[in-house]
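The next block holds one structure in the form of structure tokens; read it before the comments.
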Amino acid sequence: MVIKMDFSRYFRDYPTPDGHFGPYGGAHLTPELKKAFEEINQAYQSICQSAHFINELRRIRREFQGRPTPVYHCDRLSRKLGNCQIYLKREDLNHTGAHKLNHCMGEGLLAKYMGKKRIIAETGAGQHGVALATAAAYFGLECEIHMGEVDIAKQAPNVTRMKILGAKVVPVSFGQRTLKEAVDSAFESYAKNYKDSIYCIGTAAGPHPFPLMVRDFQFCIGEESRQQFLDMTGHLPDAVCACVGGGSNSAGSFCAYLNDPVDIYGVEPLGKGAGFGQHAATINYGKKATLHGFDSYVLTDDNGEAAPVHSIASGLDYQAVGPEHAFWHDLGRVNYVTASDEEAVQAFFMLSRYEGIIPALESSHAIAYAIKWAKEHPYGSILATCSGRGDKDVDYIVEHYGYGDAFFSAEKKA
Ligand SMILES: *Cc1c(COP(=O)(O)O)cnc(C)c1O
């Protein structure tokens with residue numbers, strides 16, 4: 001693949017002051033929300049230069065979140081596959097068990113700095129809701145989480161966690177009663193309350209400045225892993241990969257390597273296959289459109305409406321993708337590949353049995369691709385971001401796939 005840009009000036013040039021990554025990004029908002037997001041932008045531009053803010057965030061990461069998370073060499077898994085070497089960045093060991101807290105603590109600190117008393121957000125599967133409720137408890141902020149009634153019924157344990165942490169869960173009872181309506185409901189509440197509240201998006205998407213801000217807060221993943229990998233091996237990995245839902249753990253993982261001779265792979269969920277409504281592989285199958293206030297690749301139907309999407313990993317089934325990923329794709333810097341439900345489940349079992357790490361189904365997509373890559377590059381090294389732990393997924397897996405014995409007996413026969 002030909003890379004169409006020199007990345008040494010990238011962070012100075014992108015995003016543009018109005019939040020564009022090439023033709024993607026921006027902020028399409030009602031006049032009222034425009035004012036609110038502009039206020040967030042001003043505040044972020046000033047604190048990201050402030051040594052006091054950065055030091056405080058570093059202290060929180062160390063003392064509260066348990067960062068840095070380790071880089072781990074998957075010795076047994078690698079040997080099963082041949083002479084390649086697979087490494088993991090262990091975001092599953094971050095407090096609350098996933099990378100999401102990295103940006104939620106940043107957003108909470110920003111809310112404090114802006115003198116807000118409440119944080120508002122939507123959640124689908126509840127992972128962002130739990131991470132944000134954790135940040136709210138830490139900072140002593142009120143927390144209002146909008147969630148579709150269908151998701152509330154499906155994700156009872158996460159609803160319980162949010163409530164224990166002191167969050168108010170607002171059920172959304174219109175439309176499909178899932179994530180898209182939860183976003184609409186949260187925006188509506190924010191438009192009414194923006195004087196004393198701040199909206200906190202759960203991924204590196206949404207109107208400017210969220211794609212920039214969330215990426216910056218997630219940058220610790222790549223910043224740490226690059227140095228850790230160098231310390232462990234004396235060189236950089238040949239390749240890095242991470243799963244792409246909205247694109248936050250991947251953006252944070254990739255940023256540190258943009259200017260290095262390292263191949264980068266974003267892994268999208270292929271679900272049950274390439275048919276309409278069967279997957280959520282936005283960059284692979286979507287086209288340029290506007291959703292939720294920003295321009296990017298979007299999966300749409302014939303009428304240009306957001307298409308139905310599917311992935312076994314509920315954290316990956318989003319119709320759009322962060323605008324910076326769309327840009328990296330067009331520039332040829334990041335390769336957007338896919339892993340199916342079936343491949344993710346197989347990777348889930350392999351990492352569990354060979355390494356003693358039960359990964360989230362989202363993260364299993366990155367691990368599935370690392371396994372595939374490793375087989376094709378016998379002497380190469382690949383670093384996959386393990387974005388979260390799989391405790392939340394074990395009941396579903398056992399119900400649908402048992403304990404994985406079928407996968408391993410098939411492997412022995414092969
Ligand atoms: C939410 C989630 C994701 C997907 O979100 P991104 O913004 O694409 O990183 C991936 N892994 C885990 C464990 C998640 O909870």
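Percentage of Cα-Cα pair distances in the chain greater than 42 Å, rounded to whole percent?
On the way: 6275 of 85491 pairs.
Tail of the P(r) past 42 Å holds 7 percent of the pairs.
Given +1 on the Cβ of Lys and Arg, -1 on the Cβ of Asp and Glu, and no further charges, what dipole in debye does the chain carry about its Cα centre, rounded to the nearest 20? Could you put the intermediate results ahead of the total?
Working: 41 positive and 48 negative charges, 172 e Å.
About 820 debye.
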### Query
Any idea what log10 I(q)/I(0) is at q = 0.20, 0.27, 0.31 Å⁻¹ for segment 1-47, Debye with uniform C-alpha scatterers and no solvent?
-0.78, -1.09, -1.18
### Query
If we sort 337-347, 136-146, 229-239 on the protection proxy, mean other Cβ atoms within 10 Å, highest first, what's the order?
337-347, 136-146, 229-239
### Task
Only helices at least 30 Å long along their axis, Cα-based, and averaging -1.0 or more on Kyte-Doolittle count here, so list those DSSP H runs from the chain.
210-233
### Query
Comparing Glu149, Glu91, Glu32, which has the greatest mean-square fluctuation in the GNM of the chain with Cα pairs linked when under 10 Å apart?
Glu32
## Note on the structure
Contour minus Cα-Cα span, Lys195 to Phe64, at 0.36 nm per residue, comes to 44.3 nm
### Message
Rounded, prolate or oblate for segment 305-384? Axes are the square roots of the Cα gyration tensor eigenvalues, ordered a ≥ b ≥ c, and the cut-off for rounded is a/c under 1.5.
### Response
oblate
### Task
Rank these residues by their accessible area, most exposed first, probe 1.4 Å: Thr160, Thr178.
Thr160, Thr178
## Note on the structure
Within the set Ile357, Ile312, Ile367, GNM on the chain using Cα springs under 10 Å gives the largest fluctuation to Ile357
### Query
Per residue, how much space in cubic angstrom lies within the convex hull of the C-alpha atoms of segment 135-208?
105
### Message
Using alpha carbons only, how many angstrom separate the centre of segment 14-74 from the centre of segment 320-365?
### Response
24
### Message
Please report the equivalent ellipsoid semi-axes of segment 238-314, computed as sqrt(5 x eigenvalue) of the Cα gyration tensor, largest first, in whole Å.
### Response
25, 15, 10
### Task
Would you calculate a helix-derived [θ] at 222 nm for the chain, using -39,500 (n - 2.57) for each DSSP H run of n ≥ 4 and dividing by the full residue count, to the nearest 500?
-13500 deg cm²/dmol
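Distance check, please: which entries in Lys116/Lys180; Lys168/Lys195; Lys100/Lys272; Lys117/Lys392; Lys154/Lys195 exceed 22 angstrom between their Cα atoms?
On the way: Lys116/Lys180 26 Å; Lys168/Lys195 19 Å; Lys100/Lys272 26 Å; Lys117/Lys392 30 Å; Lys154/Lys195 33 Å.
Result: Lys116/Lys180; Lys100/Lys272; Lys117/Lys392; Lys154/Lys195 exceed 22 Å.
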### Query
Once you have the alpha carbon radius of gyration of segment 235-275, what is it after dividing by 2.2 N^0.38 Å, with N set to its residue count?
1.33
### Query
On average, how much accessible surface per residue is there in the chain, in Å², for a 1.4 Å probe, leaving out ligands, DNA and RNA?
41
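The values are calculated or read from the model by the stated rules, or taken from the named source; none is laboratory data. Note that the coordinates shown come from a computational prediction; the quantities given were computed from them, not determined experimentally. Glycine also receives a Cβ, built like all others from the backbone with ideal geometry; neighbour counts cover every protein chain displayed. The accessibility values were calculated without ligands, DNA or RNA, using every heavy atom of the protein model including side chains. Shrake-Rupley method; radii C 1.70, N 1.55, O 1.52, S 1.80 Å.
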